[in-house]
Structure formats: C-alpha cells, structure tokens
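The next block holds one structure in the form of structure tokens; read it before the comments.
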Amino acid sequence: MEKKTALLIDPGHQISVELSYILQPPHWTIHEATDNAAALKLAQAFRFDFVLTSEMSSGREDVALLREIRRLHSHTRMIILTDDTTPADVIDAIREGAFSYFTEPISFPALVEMVRNATEGPSWDDGIEVLSGTPEWLRLAARCDVETADRLVQFIHVMIDLPDSEKDIVAAALRELLLNAIEYGGKFDPEQYVEMSYLRTKRAVACRVKDPGEGFSFDEIAHSAIANPLHDPLRHVHHREAQNLRPGGFGILLARNSVDELIYNEQGNDVLLIKYV
C-alpha cells in the first residue's frame, strides 16, 4: 500500500487528535501546522494527499488556503471544518474542489466516514460541478455514485438555513432522492450525472433532483414502499427480492413523510422537495 501524507491544522483540538488514530503509520505520515499560514508553507515544501482544517479559521480563510494548495498540488483532498461560514463560502469551496465541509455541531461519525472516503476512495476528486451559484439558488451536477451523493448532501446540509432538527430532516430526505436518482436513473454509472438545485426563499427551502433516466410511473414501482397498500406495508420487500434488488425501497416514502411537499414531473425523472419555514 502506497504511503500517503496528511496535514492536520491546529493539531491540539479534539477532532484532529481523534483522526490521528485513523491515519496511522505505516500507511500514513502526519504533519501538523498551527494555523493556515504555517500550513501553506508546509504545502509549498511537501505534497499532501489529505488536509483537515481547523474550526478556529473561517470558511473564507479555509477556501483561500484550499485555492493556494490546489494550485500547487491539484489533487490534494481537503475537508474544511469551521465555526464561521456563509452559504457563499460553501459554494466557493465546491468550486475550488473541497472534498467536504463541516460546521458546528459536527457529527463525529459522519466526519470519520467522510475522512475514510477522502483517504481510501478512488483517485478522482471531482464529481460535483457548480452550474450556477448564489446563496439563494444553487445548481449543481453530481456524478452517479453513492460517495458523491454523500459529499453533495453534506455541502447542502451546511447551506440549509433552518434549525438543526429540520436541517437534518431536509438533508436526509434529499439523500434518499439522490440515491434513487443515482440508482434508477443513472444506474450507478459514473459517466452519468444528476442535476440538483437548492433554493432558499423567505418562506421555504426547496431541493430539486433531476436524473438522466427515462423516469417511471407510480403504477410501475411495486418495489417501492410508497406503492404498498395499507393492509400490506411490506409488500415491496417481496418484489425487491424477486427482482434481486438491494434491501430498501423506503426512500420516496421517507422523503414524502419528512417534508411538506414532494412533487414529481410527469415522466418521474424530476422531483421537487419543499420544506416551509
């Protein structure tokens, strides 16, 4: 296994200490920097495979560091941690190629999983493209694989301007819609992309997911829990087993029951999720 190098900024804080147990020798060499300025000096001398920023710096400062590091080493993967951020910072981070972005309160299991994806995943580090972006209306294209969907949901989770409990609900519903789009519309083909939009109005948060497939009719999705009759709430399980599909099928049902409105187009390949403020 090839030896890799990681850079942890502000190594004294709890998260970086915990992550040092994941990035263990002999496969990893860990460098430490006290702040972003020291980190940039190290990046000018060494090539790092992975960088984790500190919560002590702002999102804008971390994006500036990311921009400089990727000018030096275009494939370095960075996860940004910050307590000081704006939606514009998140959009800039995606544009500059951040692998992921976390703000308080940070879910440590989610962060650990994202670090594993960043350090153990395939060599690509793209997969999410900003088609147009403002804090009120963001349009993205995302590659049809699960890891990219998880990265996209984390970026949107940070942008959602709602109380934490409602933010988690919207993000979970969005993830279910993305997974359905990637699996059934994109066929898990990394050459295919789904289009996703995030809109924030004064009275609502909305997410739109359009997949590259031909769509579906609700009369033709017996493998989904949303099609189950009231007297047989698990009927879809038998259909999934017969079609050799993975366990699941609750995505659309969970999304519909979690938000205020879930609207599909006629073809079934374009869906709008709405949560009112």
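Restriction of the GluC sites (Glu not before Pro) in region 41-83 to DSSP coil positions whose beta-carbon has at most 15 other beta-carbons within 10 angstrom yields no sites.
Arranged from fewest to most other beta-carbon atoms within 10 Å of their beta carbon, Y264, Y101 become Y264, Y101. Cβ-to-Cβ counts within 10 Å put S58, S132, S165 in ascending order as S165, S132, S58, the fewest first. In this structure, A172 and F46 have a Cβ-Cβ separation that, at R0 = 41 Å, corresponds to a calculated FRET efficiency of about 0.60. Each of Y193, Y21, Y198 has some number of other Cβ atoms within 10 Å of its Cβ, and from fewest to most they run Y21, Y193, Y198.
The trypsin sites (Lys or Arg not before Pro) found in region 29-65 that occupy coil by DSSP, while having at most 13 further C-beta atoms within 10 Å, are R47. Phi-derived couplings, Karplus 6.51 cos²θ - 1.76 cosθ + 1.60 at θ = phi - 60°, listed residue by residue for region 85-90: 8, 9, x, 4, 4, 5 Hz, with x used for Gly and Pro. With the simple model of a label 7 Å out from the Cα in the direction of the Cβ, I22 to A204 spans 3.7 nm. Taking label points 7 Å from Cα along the Cα-to-Cβ direction, E113 and R139 give a separation of 3.0 nm.
Read-outs: derived from the displayed coordinates by stated rules, not from any lab. The structure displayed is predicted, hence computed values, not measured ones. Don't worry about glycine lacking a Cβ; one is built from the backbone with ideal geometry, like all the others, and counts go over all protein chains shown.
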